[in-house]
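The values are calculated or read from the model by the stated rules, or taken from the named source; none is laboratory data. Just so it is clear, the model here is predicted, and its values are computed rather than measured. Positions of Cβ are backbone-derived with ideal geometry, glycine not excepted, and every protein chain shown enters the neighbour counts. To get the accessible areas, we keep the full protein, side chains included, count just its heavy atoms, and leave off ligands, DNA and RNA. Shrake-Rupley method; radii C 1.70, N 1.55, O 1.52, S 1.80 Å.
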Amino acid sequence: MVATAIEDLAPRSEDEVRAHLSSGKLVEGLQHMSPLYLQGIRRILTVSADTEFVSAPAYLRAAQHAPALNNFGSAMSIVQDELAHAHIGYRLLGDLGVDMDWLIYERPAAEFKYPYAFDVPLDSWIDLVCANALYDQAGYVLLSDVYESSTFGPWKRALAKVDKEETFHLRHGRTWLKKLVKDPAEKAKVQASLDWMFVLTLEWFGLPDDRKRHGIQLEYGFKGKSNDELRQAWMAAVVPFMDELGIDVPAHWDGERWSIDCPFPRAFDEDTKTWGEEITWDDVIRRWKARGPMNEAYVEKLQRGYRTTNFRRAG
Ligand SMILES: [Fe+2]
Ligand SMILES: [Fe+2]
């Protein structure tokens, strides 16, 4: 449960926050926040921390298929990084009056706010390195935007380190993919993984700009770019690399922008990991809200130790 009402924690008025930001100052803590600022920064921090947190069991599952022990070691260092990234976000949320035990260990699985893509299992080493190339690239695009634009000082400063580690994760993916595509049989497997993963990562950036108003997110500087701008930035990084590898992805540069070459948004069959006909964003939101196959198992794995040990904070 959230310990104290937002209004009691955030003493400033919306006008005072606007004046503070327009003078070029960062927000350093609750003392500089208004209720709307606090609500907004909590929301974006929760999505970010949840995404980092759930990537750990998702990557751990796939790492079991590592071809050699030293490869398993590289995957484990990525898993460790992700848990540390999650810790940064949750710790900041603790400073912003959120009950961390509830947030991390007691919250029902369905209330976690990470992208739907992580609810679809990574079943092989190839799935893992493809996820490093696609999902960690998405994380990098989103967090670089926060790093450049965020008005919340403590998060902005912490991201200097996170950004470097995400670079390592996506380089891990890219190095592996370059090696794998030299063998036609492995290349076919890479193609098969990317076929289900690419569109899931396009969805990651959320509703298109004509469906979503970003007002407060951009005005208060929780982020700098809109959803569509972030989706474009991700395609600008991923599509040319896939072209270079000879892997087909349904997007191309049309001279002005990155254009998606398949129905989008699109129906997804979770059991076969295959894509179907074009659907509406309302259909996508329904699928996201229902969560996917791994949601409960991953959250259970993350919360299990809390239930079997006695590390709770004293009341
Ligand atoms: Fe991360
Ligand atoms: Fe990562």
**the stretch 236-259, subset of a type in the set (D, E, K, R) and within 22 Å of LEU177 (Cα to Cα), residue most open to solvent (accessible area, probe 1.4 Å)** = GLU244
**Request:** Being open to solvent by less than 20 Å² (accessible area, probe 1.4 Å) and either within 12 Å of ligand 1 (Cβ to nearest atom) or in contact with an Asp or Glu (Cβ under 7 Å, 6 or more places away or on another chain) (or both) narrows it down to one of ASP136, ASP145, so name that one.
**Result:** ASP136
**Request:** Kindly establish whether ARG61 is among the charged types (D, E, K, R) and touching a residue at least 60 places away in the same chain (Cβ under 8 Å).
**Result:** yes
**Request:** Of the numbered conditions (1) more than 16 Å from ligand 2 (Cβ to nearest atom); (2) at negative phi, GLY206 fails exactly one; give the number of that condition.
**Result:** (2)
**Prompt:** Do you know which of the residues in the stretch 77-130 that are closer than 26 Å to LYS189 by Cβ and small (Gly, Ala, Ser) is farthest from ligand 2 (Cβ to nearest atom)?
**Reply:** SER124
**Message:** Condition first: within 16 Å of ligand 2 (Cβ to nearest atom) and either farther than 20 Å from ASN295 by Cα or among the β-branched types (Val, Ile, Thr) (or both). Now tell me which residues in the stretch 40-72 satisfy that.
**Reply:** VAL47, THR51, VAL54
**Message:** Where the second residue is within 11 Å of ligand 1 (Cβ to nearest atom) and the first is within 20 Å of ILE6 (Cβ to Cβ) and lies in the stretch 42-54, which pairs have Cβ atoms under 6 Å and are six or more apart or on separate chains?
**Reply:** LEU45/GLY89; SER48/GLY89; ALA49/ALA86; ALA49/GLY89
**Request:** Name the one entry in PRO263, PRO250 that is out of contact with any Cys (no Cβ under 7 Å at 6 or more places or on another chain) and closer than 20 Å to SER193 by Cα.
**Result:** PRO263
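Results for (1) among the hydroxyl-bearing types (Ser, Thr, Tyr); (2) within 16 Å of ligand 1 (Cβ to nearest atom); (3) at pLDDT below 95; (4) in contact with a Ser or Thr (Cβ under 8 Å, 6 or more places away or on another chain), shown as yes or no for each residue.
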position	(1), (2), (3), (4)
MET33	no, no, no, no
TYR37	yes, no, no, no
SER48	yes, yes, no, no
TYR59	yes, yes, no, no
GLN64	no, no, no, no
PHE72	no, no, no, no
**Prompt:** Which numbered condition trips up ASP123, out of (1) in a loop (DSSP other than H, G, I, E, B); (2) under 20 Å from GLY224 (Cα atoms)?
**Reply:** (2)
**Asked** If LYS161 passes every condition in (1) in contact (Cβ under 8 Å) with a residue 12 or more places away in the chain; (2) within 13 Å of ligand 1 (Cβ to nearest atom); (3) open to solvent by 30 Å² or more (accessible area, probe 1.4 Å) but one, which one does it miss?
**Response** (1)
**Message:** Let me confirm something: among ASP95, ASP81, which residue is within 16 Å of ligand 1 (Cβ to nearest atom), at pLDDT 95 or above and among the acidic types (Asp, Glu)?
**Reply:** ASP81
**Message:** Residues that are open to solvent by 70 Å² or more (accessible area, probe 1.4 Å) and within 25 Å of VAL162 (Cβ to Cβ): list the helices (runs of 4 or more DSSP H) wholly contained in the stretch 1-118 that include at least 1 such residues.
**Reply:** 35-63, 69-95
**Request:** Please find, within the stretch 167-190, the residue that is nearest to ASP50 (Cα to Cα) out of those that are touching a residue at least 60 places away in the same chain (Cβ under 8 Å) and buried (at least 21 other Cβ atoms within 10 Å of the Cβ).
**Result:** HIS169
**Request:** Give me the pairs, please: first residue somewhere in the stretch 73-98 and under 24 Å from GLY40 (Cβ atoms), second residue anywhere and among the basic types (Lys, Arg), beta-carbon distance under 7 Å, and either six or more positions apart or on two chains.
**Result:** LEU93/ARG42; LEU96/ARG42; VAL98/ARG42
